[in-house]
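This report refers to the structure that appears directly beneath it.
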Amino acid sequence: MTGRRRDLRICTAGCTAGGMAGAAWRRARARNADARERGEGGYTLTELAVALTLFGVLMAMTAPIVSTLFSSTAYVTNSYQNENQLLPISTTFQNLIRSVVEPAPNLSSGQPVPAYGIYSSSGAVTTSLSATSMTFFTNIGDPNGPAEVVASISGSTFTVTVARATAGTCPGLNTGATACTWGTAHPLITVDNVVGVGSAALFTYSVGGTTIAPSNDATEFATCSATSCPAADIESVKVDLQVNVNPNRSGQAQEETVVYQLSALSQQYQPEVG
């Protein structure tokens, strides 16, 4: 009996150990089978639905940020280009207006020769001033005399040309000379993509403290005489120029400045200038 019990205990222990080892092997085999099944089968529909939902949420959060970024970049770029176009207007062109000067002394009749516009010896206007064009004479430091400046717009392009005085023609500097003549006009400033030309005046003039309505320019500056010459009494010029390089984008730039004469006598004829 004793030997049989010992054998039974040994068998039971061995059989139990073998059973445990077999169970562990079967569990490992089942896990491997599950892994193989998952690798071949991919994600479940539930997992895919959750992933797609999260992706949609991320896209919905990101799209407005990307759109705002591109819009801001386009706005800044367009604004920079527009301001760059107007830079010569706020510097060079304004300096030319501030330095206006009559190109000749008063005529024998007493009629002045205005710094703005061109008038004949009889006082009739030959080149007037308007809301979209302006002719004036300015001191550029040329020993031959003041330069003739013409600012005008054609279509959507604003241009400023400068013609130097012809040597030996300007009075004051040359004995016997009575009136300056000028050479070929050369472009100085070109501004493209001008907008709002029909709705706003490029130039607005102030005479004797009164702003002249653009619609009255032709009448106001039609003549110049010894007793009445509005062009010779211009005190300031407002320049209003709007530019948009890309009309489909925001960021339009505007140069709106009133340019005053340096003094009440600064534009009068000066023999040392011409």
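Values quoted throughout were computed directly from the atomic coordinates according to the rules given, and no laboratory measurement underlies them. These figures come from a predicted structure and were not determined experimentally.
Could you run the Karplus curve 6.51 cos²θ - 1.76 cosθ + 1.60 with θ = phi - 60° over region 209-216 and give me ³J(HN,Hα) per residue in whole Hz, x for Gly and Pro?
Going residue by residue, I get x, 10, 7, 7, 4, x, 5, 9 Hz, with x marking Gly and Pro.
Could you give P(r) for region 154-204, binned at 10 Å from zero, as whole percent values over all Cα-Cα pairs?
Over region 154-204, the share of Cα pairs per 10 Å bin runs 21, 30, 23, 19, 6 percent.
Given H placed 1.01 Å from N in the peptide plane, which residues other than close sequence neighbours of Gln268 have an amide H under 5 Å from its amide H?
Glu102
For Ser154 and Ser228 in the same chain, what is the full-extension length gain: residue separation times 0.36 nm, less their Cα-Cα distance, in nm?
23.5 nm
Shape verdict for region 69-260, please, from the Cα gyration tensor: rounded (a/c under 1.5), prolate (a/b greater than b/c) or oblate.
prolate
Got a sec to turn the phi values of region 111-122 into Karplus ³J(HN,Hα) couplings, 6.51 cos²θ - 1.76 cosθ + 1.60 with θ = phi - 60°, whole Hz, x for Gly and Pro?
Ordered by residue, 3J(HN,Hα) equals 5, x, 10, x, 6, 10, x, 10, 10, 7, 5, 8 Hz.
Treat region 67-144 as a sphere of radius equal to its Kirkwood radius over Cα pairs and apply Stokes-Einstein at 25 °C in a medium of 0.890 mPa s; give the translational diffusion coefficient in µm²/s, rounded to a whole number.
The estimated diffusion coefficient comes to 155 µm²/s.
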